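Here the structure comes first, spelled out in structure tokens, and everything after it is commentary.
The values are calculated or read from the model by the stated rules, or taken from the named source; none is laboratory data. Just so we're clear, the structure is a prediction, and the values are computed from it rather than from any experiment. Here Cβ is always computed from backbone atoms with ideal geometry, including for glycine, and neighbour counts include all displayed protein chains. Heavy atoms of the whole protein, side chains included, go into the accessibility calculation; ligands, DNA and RNA do not. Shrake-Rupley method; radii C 1.70, N 1.55, O 1.52, S 1.80 Å.
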Amino acid sequence: MPEFRSKEALAYPLAGFLALIALAMFSGVRRGPQDLAEYAASLSQGQLRALGFRTKRGTTRIRCPGESTFKRLLPRMDAVALERALLLWQEQVLGPSQDKLVIVDGKTLRHAHVELVSAVNGQGRWLGTVAVQEGSNEIPAARALLSKVPVENKTALADALHTQTDTAQQILFERGGDYALTVKENQKELLQTLATLLTRNDFSPSTHGADTRADAGTQSQSA
């Protein structure tokens, strides 16, 4: 992650700051700056020193970030760079993903009032995230996500909200993947079309359905 602050402001170097947040997440912290600050306060001086945090001026004690520090720094993070760093870290730990599924799903973050659309594979491994823009919805966010997540030779799955012609064409023609999308009764014309296509018909060139005299177990002439 690139450092975006001046050297004079580096009481908490970015690498250590992000490592602290990762440790907090692994420990079950989920609710934001206040919980992060409480977690940071629970660390020892040795742990804070290992994160690269600096001492308070005129003392030998290592600084500990408070709630205001998290509130100030988190909104300034480069989300694209952070996502890239996390995906690279994940691949370093787990190796390349071999799964053939890309599952798209939207969630609203509790306590943050932020709506996100994320992709995971069939094993639950995270593939990427896009935030829903204010005044918009999940559909364009999902398309933005599918434009950057590897889909070629894979199958994308999504709920009925994303059963859209443009989304299906993007997956199939632009990204080289396949799709399995849900159809519900609110798309009556599409549902009726699928019901018609999936109606059982006699297999051509069989004539048994047309000629009721024909015996399915016999042939009128040699094969």
*Exactly one of (1) modelled with pLDDT under 85; (2) of a type in the set (Val, Ile, Thr); (3) loosely packed, with under 10 Cβ neighbours inside 10 Å is unmet by Thr207. Its number?*
(3)
*Quick one: would you say Arg31 is surrounded by fewer than 17 Cβ atoms within 10 Å (Cβ to Cβ), closer than 30 Å to Ala158 by Cα and modelled with pLDDT under 95?*
yes
*Filter region 160-189 for residues that are surrounded by 15 or more Cβ atoms within 10 Å (Cβ to Cβ) and out of contact with any helix residue (DSSP H, G or I) (no Cβ under 8 Å at 6 or more places or on another chain) and give the result.*
Ala168
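Every residue, every condition in (1) of a type in the set (A, V, I, L, M); (2) touching a Cys at 6+ places or on another chain (Cβ under 9 Å); (3) part of a strand (DSSP E or B), yes or no:
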position: Glu38; (1), (2), (3): no, no, no
position: Phe53; (1), (2), (3): no, yes, no
position: Val80; (1), (2), (3): yes, no, no
position: Leu88; (1), (2), (3): yes, no, no
*asked:* If I go through region 132-159 residue by residue, how many of them are assigned to a helix (DSSP H, G or I) and either closer than 12 Å to Gly177 by Cβ or open to solvent by 60 Å² or more (accessible area, probe 1.4 Å) (or both)?
replied: 3
*Could you please find all residues in region 75-98 being open to solvent by less than 70 Å² (accessible area, probe 1.4 Å) and β-branched (Val, Ile, Thr)?*
none
*Could you tell me whether Arg125 is closer than 15 Å to Ile171 by Cβ and basic (Lys, Arg)?*
no
*With respect to the numbered conditions (1) assigned to a loop (DSSP other than H, G, I, E, B); (2) open to solvent by 80 Å² or more (accessible area, probe 1.4 Å); (3) of a type outside the set (Ser, Thr, Tyr), which one is the sole condition not fulfilled by Pro65?*
(2)
*Is region 27-34 home to any residue that is free of Cβ contacts under 8 Å to residues at least 40 places away in the same chain, over 21 Å from Glu3 (Cα atoms) and in a helix (DSSP H, G or I)?*
yes
*How many residues does region 117-131 hold that are open to solvent by 40 Å² or more (accessible area, probe 1.4 Å) and in contact with a helix residue (DSSP H, G or I) (Cβ under 6 Å, 6 or more places away or on another chain)?*
0
_So the check is Cβ under 7 Å with 6+ separation or different chains; which pairs have a first residue in region 58-87 that's more than 17 Å from Leu20 (Cα to Cα) and a second one that's polar (S, T, N, Q) and not in a helix (DSSP H, G or I)?_
Arg61/Thr55
_Which condition from (1) within 25 Å of Ala131 (Cβ to Cβ); (2) among the charged types (D, E, K, R); (3) assigned to a loop (DSSP other than H, G, I, E, B); (4) open to solvent by 70 Å² or more (accessible area, probe 1.4 Å) is the one that Arg72 breaks?_
(3)
*If you go through region 105-116 one residue at a time, do you hit one that is open to solvent by 70 Å² or more (accessible area, probe 1.4 Å), assigned to a loop (DSSP other than H, G, I, E, B) and either of a type in the set (Phe, Trp, Tyr) or under 30 Å from Thr163 (Cβ atoms) (or both)?*
yes
